[in-house]
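The values are calculated or read from the model by the stated rules, or taken from the named source; none is laboratory data. On a predicted model such as this, the values are computed, not experimentally measured, just so you know. Here the Cβ positions follow ideal geometry from the backbone for every residue, glycine too, while neighbour counts run over all protein chains shown.
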Amino acid sequence: MNTFELHILAAERSFYEGPCESLVLPTTEGMYGIQANHLNMVAGVVPGEITFRVPGGTDEHASCSRGMVKVEDNVVTVLVDTAEHPEEIDVKRAERAAAEAQEEILKKRSRQEYMKAQMELARATSRLKVSKLRK
């Protein structure tokens, strides 16, 4: 059996629950790939693009915000604040958010404010990239 059970849970909804052949997601250590029978682990998720393959070879894409991923006994649980399909993304809003984040980065405020602006820019950029994958 070359599948595992995948649960992608956002704060407001269950984004995807079902069988999966592979998963690639952005973590604090870079892009991370998971396949069936992966070793147990926990990692931080950063804003970016999630790609997962459902049985039958169809790749699904999503934009996600920060969160965490847990792999245990061939079950993968991704907990994030938000997860969006490409067709759910408001492109104009994402463009505004990216511009605002870039302005905040240039203001050279505290390290905490700078890091927050970096995360907001990463999320907006991810949303714009994923929005181009509409079916």
Query raised in the report: Can you name the number of the only condition in (1) among the small types (Gly, Ala, Ser); (2) under 17 Å from Leu25 (Cα atoms); (3) crowded, with 19+ Cβ neighbours inside 10 Å that Ala122 fails?
Result: (3)
Report task. Scan region 12-28 for residues that are farther than 17 Å from Ser126 by Cβ and either of a type in the set (Lys, Arg) or assigned to a loop (DSSP other than H, G, I, E, B) (or both) and jot them down. Result -> Glu12, Arg13, Glu21
**Report entry** strands (runs of 3 or more DSSP E) enclosed by region 37-135 - at least 1 residues per element that are of a type in the set (Gly, Ala, Ser) and within 17 Å of Ile8 (Cα to Cα)
**Finding:** 41-45, 48-54, 58-64, 67-72
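Does Thr27 satisfy the criteria of being under 24 Å from Phe4 (Cβ atoms) and within 12 Å of the chain's Cα centre (by Cα)? Explain how you work it out, then say what you get.
Values: under 24 Å from Phe4 (Cβ atoms): yes; within 12 Å of the chain's Cα centre (by Cα): yes.
So Thr27 fits the description; yes.
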Query raised in the report: Among the candidates Ile34, Ile89, Ile50, which residue alone is crowded, with 16+ Cβ neighbours inside 10 Å, under 15 Å from Arg127 (Cα atoms) and touching a strand residue (DSSP E or B) at 6+ places or on another chain (Cβ under 6 Å)?
Result: Ile50
Query raised in the report: If we keep just the residues of region 64-84 that are closer than 13 Å to Tyr16 by Cβ and at pLDDT below 95, which is farthest from the chain's Cα centre (by Cα)?
Result: Glu84
Query raised in the report: When both residues are 6+ apart or on different chains and their Cβ atoms are under 9 Å apart, which pairs have a first residue that lies in region 106-130 and is within 23 Å of Glu84 (Cα to Cα), and a second that is among the basic types (Lys, Arg) and in a helix (DSSP H, G or I)?
Result: Ala124/Arg93; Ala124/Arg96; Arg127/Arg93
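With the requirement that a residue be assigned to a strand (DSSP E or B) and surrounded by 16 or more Cβ atoms within 10 Å (Cβ to Cβ), what does region 1-11 give you?
Correct list: Phe4, Leu6, His7, Ile8, Leu9, Ala10.
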